[in-house]
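To keep things clear, I will list the structure first and then write my remarks on it.
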Amino acid sequence: MIIINDVYKRYKSERESSDWVLHDINLTIPSNVSVALIGANGAGKSTLMSLIGGVDKPNKGTVERHCRVSWSMGFGGGLHGALTGRQNAKFVCRVHGYEDDIKARLAYIQDFAGIGDAFDRPVKSYSAGMKSRLQFGLSLAFDFDVYLSDEVTSTGDAAFRKKAADSFKKLADHSSIIMVSHDEGTLKEFCTAGILIADGAAHWFDHIDDALKSYKDGRPK
Amino acid sequence: MSNNQHIPRSSLTITLAVWKALFLREALSRIFSGRAAWFWLLAEPVFNVAYMVVIFTVIRMRVVGGIETAVWLVLGMLGFFMFQRTSSQLMNAIKANQALFAYRQVKLIDTLMVRAGLEGFLMIFIACILLTSLVILGYSVMPADPLLMLGAFFGLWCIGVGFGLITSVVIAMLPDLGKIIKFIMRPMMIISGVIFPLSSLPPQIREWLMLNPVAHGIESMRLGFSPYYHAVPELNIGYIFSFALGSVFFGLALHRRFAIKLVTK
């Protein structure tokens, strides 16, 4: 369960008072419910994601994580360009305290990413799709209760998406995903509930279809 | 990969795991980040020192304050690099490691601590290479007071850590002030008495220059090498460590105070 309590967030800017990106967010994301974050570009989806992931801190309010939450995957963040995929994977294993069975996890990541020999080449030589394959493999190698995915599936090809979807369905009995994507099909495939972000406010929908419908109508609620 | 048994790790376990992971990652990226990067990592400071030594021993004097010029210069430059390289590694750590904060286990201060440790480690390697080269060239490098020499070397590392901790915060919060700091640091090598003896200056100027703890550290290293070295009369070994303690404490306090501001955008 993740409890977002009275959260306000704005970014530093040249002018003293920038507008609130998010204001007065109160949400409780229950366990085992996969949630889609929906909103226009710049609405604050990624901001909310980084607050949930604990990478960024709100200006006001609290985010409580009562479960194991993954880091937010997306846009090559957290990968070091000069190091190989394997070296990056080792780093993530060590940070998460899985030193003992590092070999098995590396094998799993290599197999899941399916990028062949490129696993031993520097990450900066990867295409966007290869990066997201690696990131997806990385996060699935660990046992999280909630996985955070920021557009990470959108760059993969059809075969990889199917693979990702299948593994998430396998995990679905004890894990869930919080996902940002502009692709409706992906959202419907993975998520059951939705959060619509508009004008800095967040609205919870129990069913993803209602959230998408409301988003398309241009009016929350 | 699932095992449903989950015991939360203690904060100390997480920090130690992060330090280990970061240390290996930093070391790897320093060593393999370009063609023969491992070679340049060690060769750059060694060449730097060798260049100076050749110029000074060929053109200028053979002996400075009772120590052979080559040894005198190598000790001075080793001490100075210990300070300068450590502090500049810390100064640039925040920007260089931004991508790592995607993992919430990794705190900003972890990356700085690991960088400081790695730089100290590399400097010990570089010191070994340079001193071995001097032995091969026929110089005696056995210090008379090894403890004082190593203590001063360590003191310079501590000053580098303290200075790096403080400036990393300053540069992140006030980028303009960062430019001024870099400007002020430029003549640091000269005013710390690395390439000319501070004891040759008049006392009125020395009084001011000896406010700089790096000068104290470098002179102490030379004094530890030979007890007959004519060190600067104002030399105070306690000053190095009180300055180091003060600056590390202040730097850590700044990082504690601005921990959230430094990583949020």
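The values are calculated or read from the model by the stated rules, or taken from the named source; none is laboratory data. Predicted model, so just to flag it, every value in this text is computed and none were measured. Cβ: placed from backbone, ideal geometry, glycine included. Neighbour counts: every protein chain shown. Quick note on the areas: whole protein, heavy atoms, side chains included, nothing else; ligands and nucleic acids left out. Shrake-Rupley method; radii C 1.70, N 1.55, O 1.52, S 1.80 Å.
List of remarks:
- Computed accessible area, B:Met113, all protein chains, 1.4 angstrom probe, square angstrom: 60 Å²
- Range in chain A, longest, excluding exposed GluC sites (Glu not before Pro) [loop by DSSP; at most 15 other beta-carbon atoms within 10 Å]: A:100-221
- The stretch A:179-215 and the stretch B:191-265 have their alpha-carbon centroids 59 Å apart.
- Taking all Cα pairs closer than 8 Å and separated by 6 or more residues, the relative contact order of chain A comes to 27 percent.
- Burial here means at least 30 square angstrom less accessible surface with every protein chain in place than with the chain by itself, probed at 1.4 Å; in the stretch A:113-150 the buried residues are A:Asp143.
- Globularity ratio of the stretch B:93-187, using Cα Rg and 2.2 N^0.38 Å: 1.41
- Hydrodynamic radius of the protein assembly as shown by the Kirkwood approach over all distinct alpha-carbon pairs: 25.5 Å.
- Ordered by solvent-accessible area of protein heavy atoms (1.4 Å probe), largest first, the residues B:Phe183, B:Phe81, B:Phe39 come out as B:Phe183, B:Phe39, B:Phe81.
- Summed buried accessible area for B+A [probe radius 1.4 Å, Å², rounded to 100]: 2900 Å²
- Solvent exposure of chain A amounts to 44 Å² per residue of accessible area, where only protein heavy atoms count and the probe is 1.4 Å.
- Remark on the stretch B:244-265: accessible area falls by at least 30 square angstrom from chain-alone to full-complex state for B:Ile260, B:Thr264, B:Lys265, probe 1.4 angstrom.
- Exposure rank, largest accessible area first [B:Trp208, A:Trp71, A:Trp204; 1.4 Å]: B:Trp208, A:Trp204, A:Trp71
- Spacing of the two label points (7 Å from each Cα toward its C-beta) at B:Ile136 and A:His66, in nm: 6.6 nm
- For the stretch B:3-71, taking the reciprocal of the average inverse distance between every pair of different Cα atoms yields a Kirkwood hydrodynamic radius of 16.4 Å.
- Rounded to 10°, Cα long-axis angle of helix B:108-136 versus longest principal axis of chain B: 30 degrees
- If you sort A:Tyr215, B:Tyr229 by accessible surface, 1.4 Å probe, largest first, the order is A:Tyr215, B:Tyr229.
- Ellipsoid equivalent to chain B - semi-axes via the Cα gyration tensor, in Å: 36, 22, 17
- Per residue accessible area of chain B, 1.4 Å probe, in Å²: 51 Å²
- 0 to 90° range, to nearest 10: angle between helix A:158-171 axis and chain A longest Cα axis: 80 degrees
- When the P(r) is computed for the stretch A:158-207, the part past 14 Å accounts for 59% of the Cα-Cα pairs.
- Cα-based reach from A:Lys57 at 24 Å (exclusive), listing lysines while leaving out same-chain residues under 8 positions away: A:Lys9, A:Lys12, A:Lys45, B:Lys95, B:Lys107, B:Lys261, B:Lys265
- In chain B, the longest principal axis of the Cα atoms and the axis of helix B:11-32 are about 60 degrees apart.
- Two-site label geometry, B:Phe196 and B:Phe250: point separation in nm, points 7 Å out along Cα→Cβ: 2.9 nm
- Sulfur and carbon atoms: percent of accessible area, chain B [1.4 Å]: 71 percent
- Estimated FRET transfer efficiency when R0 is 56 angstrom, pair A:Asp217-B:Lys261 (beta carbons, to 0.05): 0.90
- Accessible carbon and sulfur surface of chain A relative to its total accessible area, %, 1.4 Å: 49 percent
- Here the scattering of the stretch A:1-146 is modelled by Debye summation over its C-alpha atoms, one equal scatterer each and no solvent; at q = 0.13, 0.15, 0.16, 0.21 Å⁻¹ the log10 of I(q)/I(0) is -0.70, -0.87, -0.95, -1.22.
- Phi angles across the stretch B:230-241 convert, under the Karplus curve 6.51 cos²θ - 1.76 cosθ + 1.60 with θ = phi - 60°, into 3J(HN,Hα) values of 7, 6, 4, x, 6, 4, 9, 5, x, 4, 4, 7 Hz, Gly and Pro given as x.
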